[in-house]
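Novice: This is the structure I want to talk about, given as C-alpha cells.
The values are calculated or read from the model by the stated rules, or taken from the named source; none is laboratory data. Small disclaimer: the values here were computed from a predicted structure and weren't measured. Neighbour counts are summed over all protein chains in view; Cβ atoms, including those assigned to glycine, are modelled from backbone coordinates with ideal geometry. What goes into the accessible areas is simple: the full protein's heavy atoms, side chains included, and nothing from ligands, DNA or RNA. Shrake-Rupley method; radii C 1.70, N 1.55, O 1.52, S 1.80 Å.
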Amino acid sequence: MLAIVSHNSIVTVHSEMIIGDIARSKGDLTPQKRRLRSDKESTPMKRKSPRRCVDSSPNSPACGFGKDLDEKIAIPRKSPVKRRLSDSFKPKPNWNPKDAEQMSAVMEALHVSTAPSTIVCREEEQRRVLEFCKKHVEEEKAGSLYVCGCPGTGKSLSMEKVKQHLVDWAKEAGFQSPDVLTLNCTSLTNTSEIFGKILSKVQPRKKINGPTSPLQHLQNLYSQKQQSSDLKMTLIIADELDYLITRDRAVLHDLFMLTTFPFSRCILIGIANAIDLADRFLPRLQSMNCKPAVVTFRAYSKDQIIRILQERLMGLPYIVFQPQALELCARKVAAASGDMRKALCVSRKAVEMLETELRDSASKINSKSVRVDHMALALSNTFKSPIVDTIQSLPQHQQIILCSAVKFFRGGKKDTTVGELNKSYTDICKTSMIPPVGTLEFLSMCRVLNDQGLLKLGQSREDKLKRVTLKVDESDVGFALQAIIVSTNMTKPLLYLPLTRNVKKLGSWKPFLLHLASDENALASWMADI
C-alpha cells in the first residue's frame, strides 16, 4: 500500500541522512556501538523520534542544520540583478504623459547632465582610482594616473565620486584633506593656462612678478624641500586631456613631469578617450620610468545599460517604459558603441514620441508607457545613415525583397537566383497577408534595387537564372526595417517592419506594430531574434 509523504518529511529524512554521514565521518559512534559500550558510559543517550523532533537526529548539532537545509531547498532564490529589475516595475502604477510635472520629472531623470545618486557598474574602476589616491595621500607622495575609455563610459562621473570619497576618507582617517582642482581642458583659452590654475590652487596668494611663468614657479616650488614642506597634497583632475596636445607636446609633458619632482605634492589624474595617449605623446616619461598608471573604462554592455537606466528611473513613483523597450535600447546601443549618453538620448526621444502620439486626436492607442515601437523609432532616428534612410524610403514590396535576400543569405549563401528569391518573396507576402506582385514586376523592382546599389544582378539569358547578390550589410537592412517574427514557428519567414520618422506614415504596417506592442509572446520572440 502506497503512502503519501509530505515535502517536509522528505526533506527531514534527507537532512538526517546527511547529518548522520557527517557525524560518522568525524568518528562518532552508531546507536548499535553505543549499546555495546554502554557499560563505559555513565548516561546513555536517548534517541529521539523523527516525528517528535523534525530538526534533529541522534548526532545532529544543536544549531538546527536540518531546518536550514529545509529552508534552502524550499525557498527559491533570484539573483540580485534580476530581483532589482523585476521589483522596480511591479509596485508602481503607470504614469500620465499628459501631466506636465510628471513629464518634466521623467525628462530630467534621463538627461545627461543629471548626476545619479549612485553610480553603478563602475565600482571596480572607482575602487582602483580611490586606492591609488589613498596610497599617495598616506605617503605624501606625488603620482600620476591616466583614465581612458570610450565616450559615455562614466569616466568623468566616476572621478567626481572618487573625489568626494577621498575627501571623506581623509577626514575619517585623520589625514589632512587634499586640495582638489577639477578642470575641463576644453575651457582653457590657452593650453599653458593650466599651470596658472594649478599655481592659484597651490598658492592662492601668490602673485607672479617678472618674466617667470607659472610653470617655472611650480617647478621651483617642487624642487625645494623648505618651500614644499608646508603645502597640502593637491589632487588635480584634468578632463579632456587630449586638448593639451600641441605640436611639440610640451604642455602635456610638463604637466605630467610636475609629479616627478623630488618634493612634489600633487596627484594628477588625466582623463581622455585615447587608450594609447601615454605611449604616443609621452615617450620621454616612459624612458624615465615615470609613465603614469592606467585605468581603462570599457564600453557598457547590454545588461549594464539596462541596470543604469533602471537606477535612474527607480526614483520615479510610476512606470515609464515597458521592460522590453529598455532592453531593445540597451541591445542596440551596446552593439553600436556602448555609450551611455546615447542610450539616455534615445530614451528621451522615445518619451517624446509617446507624447507626440498622445497629442494626435485621431490616435486610437491608449497607452501610457513607452512601448517597443516608440523605442524602435527613436533608435532609427538616432542611428541613421544614408543606407538606412534609402532602405526606409523604399516602397513596401522592395523592402520585402530586401528582407527575402537577407533571409536567403543568413544560411551562409553569397548569392541566389531571381527565381529562388521570388519564391522567398512570395512566401513572406502570403505569411503577412500582402498580395505579391507578378514575375515581370518583381524583376523590374530587382533592377531598381540594382540601380540603387542595394542588390547586384548578374548576366543570364533567362531572367529567372540571373544571380542576385546583396550589396549592403545585413545589419543595415535589419536595423532599417527591424525584424519581427509574425509566427511563433521559427521555420516560417520573417517579416520586417519599416521604421519611419513619423508614426502617421506607417500605413499598412501599423497593425503589426500594435500587435507587437500588445502581444508579450511576439515581443519575446522578436527580442530573441534581434
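Novice: For the stretch 386-393, does any single residue satisfy the condition of being open to solvent by less than 10 Å² (accessible area, probe 1.4 Å) and more than 27 Å from the chain's Cα centre (by Cα)?
Specialist: Looking for residues that are open to solvent by less than 10 Å² (accessible area, probe 1.4 Å) and more than 27 Å from the chain's Cα centre (by Cα), one finds at least one in the stretch 386-393, hence yes.
Novice: Filter the stretch 316-364 down to the residues that are part of a helix (DSSP H, G or I) and among the hydroxyl-bearing types (Ser, Thr, Tyr), then identify the one that is modelled with the lowest pLDDT.
Specialist: Filtering the stretch 316-364 for residues that are part of a helix (DSSP H, G or I) and among the hydroxyl-bearing types (Ser, Thr, Tyr), the one modelled with the lowest pLDDT comes out as Thr356.
Novice: Answer yes or no: is there a residue in the stretch 185-205 that is open to solvent by 10 Å² or more (accessible area, probe 1.4 Å), assigned to a strand (DSSP E or B), in the same structural domain as Cys290 (by the TED database) and not acidic (Asp, Glu).
Specialist: No; the residues of the stretch 185-205 include none that is open to solvent by 10 Å² or more (accessible area, probe 1.4 Å), assigned to a strand (DSSP E or B), in the same structural domain as Cys290 (by the TED database) and not acidic (Asp, Glu).
Novice: Let me ask something else about it. Scan the stretch 419-470 for residues that are of a type in the set (Ser, Thr, Tyr) and farther than 14 Å from Ile401 by Cβ and jot them down.
Specialist: Thr431, Ser460
Results for (1) at positive phi; (2) out of contact with any Lys or Arg (no Cβ under 6 Å at 6 or more places or on another chain); (3) in contact (Cβ under 8 Å) with a residue 24 or more places away in the chain, shown as yes or no for each residue.
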site: Leu421; (1), (2), (3): no, yes, yes
site: Lys430; (1), (2), (3): no, yes, no
site: Phe442; (1), (2), (3): no, yes, yes
site: Gly453; (1), (2), (3): yes, no, no
site: Gln459; (1), (2), (3): no, yes, no
site: Glu462; (1), (2), (3): no, yes, no
site: Leu465; (1), (2), (3): no, yes, yes
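Novice: Taking the conditions exactly as written (modelled with pLDDT under 85, surrounded by fewer than 16 Cβ atoms within 10 Å (Cβ to Cβ), outside the structural domain of Gln452 (by the TED database) and of a type in the set (Ser, Thr, Tyr)), does Ser367 satisfy them or not?
Specialist: Judged against the criteria, Ser367 is not a match.
Novice: Just one of Glu131, Glu124 is without any contact (Cβ under 8 Å) to a residue 60 or more places away in the chain, within 17 Å of the chain's Cα centre (by Cα) and farther than 25 Å from Cys345 by Cα; which is it?
Specialist: Within the list Glu131, Glu124, the selection yields Glu124.
Novice: Of all residues in the stretch 424-471, count the ones that are assigned to a loop (DSSP other than H, G, I, E, B), open to solvent by 100 Å² or more (accessible area, probe 1.4 Å) and closer than 21 Å to Thr390 by Cβ.
Specialist: 1
Novice: State yes or no: is Thr182 touching a residue at least 40 places away in the same chain (Cβ under 8 Å), in the same structural domain as Met257 (by the TED database), surrounded by fewer than 17 Cβ atoms within 10 Å (Cβ to Cβ) and not acidic (Asp, Glu)?
Specialist: yes
Novice: Here's a follow-up. Give the number of residues within the stretch 94-152 that are assigned to a strand (DSSP E or B), at pLDDT below 90 and buried (at least 17 other Cβ atoms within 10 Å of the Cβ).
Specialist: Total meeting the criteria: 0.
Novice: State whether one or more residues within the stretch 304-316 are open to solvent by 40 Å² or more (accessible area, probe 1.4 Å) and among the charged types (D, E, K, R).
Specialist: Yes, some residue in the stretch 304-316 is open to solvent by 40 Å² or more (accessible area, probe 1.4 Å) and among the charged types (D, E, K, R).
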